[in-house]
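The structure under discussion appears below in the form of structure tokens.
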Amino acid sequence: MVELAFNNSVTMGNGMSPFYANYGFHPAAVNPPDDKAGPLNPNVYIHWMETVSQESRKGLEVAQERMCRYTDPTWKEPPVY
């Protein structure tokens with residue numbers, strides 16, 4: 001249950017849950033999705049994964065920029081001995 005809760009929660013880095021990023025849906029805790037739609041078209045899946053990858057990358061870049069704003073401005077590289 002903990003794994004389900006973690007993988008179904010939205011992350012700040014990319015704005016989507018790991019389940020949604022991998023499968024395109026949020027799983028129900030008890031009932032799995034029915035497979036009446038049949039197999040997914042490979043071209044649709046490729047487009048989905050490219051879109052998710054781009055959105056995740058953008059979200060992570062925004063999070064990285066946000067973290068950089070809060071770093072110590074007086075930090076310097078350590079001396080090389």
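Out of the residues in the stretch 20-75 that are of a type in the set (Asp, Glu) and farther than 27 Å from ALA5 by Cα, state the one that is modelled with the highest pLDDT.
Here is the first cut: in the stretch 20-75, the ones of a type in the set (Asp, Glu) are 34-35, 50, 55, 61, 65, 72.
Checking which are farther than 27 Å from ALA5 by Cα leaves us with 65, 72.
Values: GLU65: 85, ASP72: 74.
Per the stated criteria, the residue is GLU65.
Which members of the stretch 1-17 meet the condition of being part of a helix (DSSP H, G or I) and exposed (fewer than 15 other Cβ atoms within 10 Å of the Cβ)? Walk me through how you get there before you give the answer.
Kept after step one, since they are part of a helix (DSSP H, G or I), are these residues of the stretch 1-17: 2-7.
Within the stretch 1-17, VAL2, GLU3, LEU4, ALA5, PHE6 qualify.
The values are calculated or read from the model by the stated rules, or taken from the named source; none is laboratory data. Everything numeric here is computed off the predicted structure, so don't read it as measured data. Because the Cβ atoms are built from the backbone with ideal geometry, glycine has one as well, and the counts that use them run over all protein chains shown.
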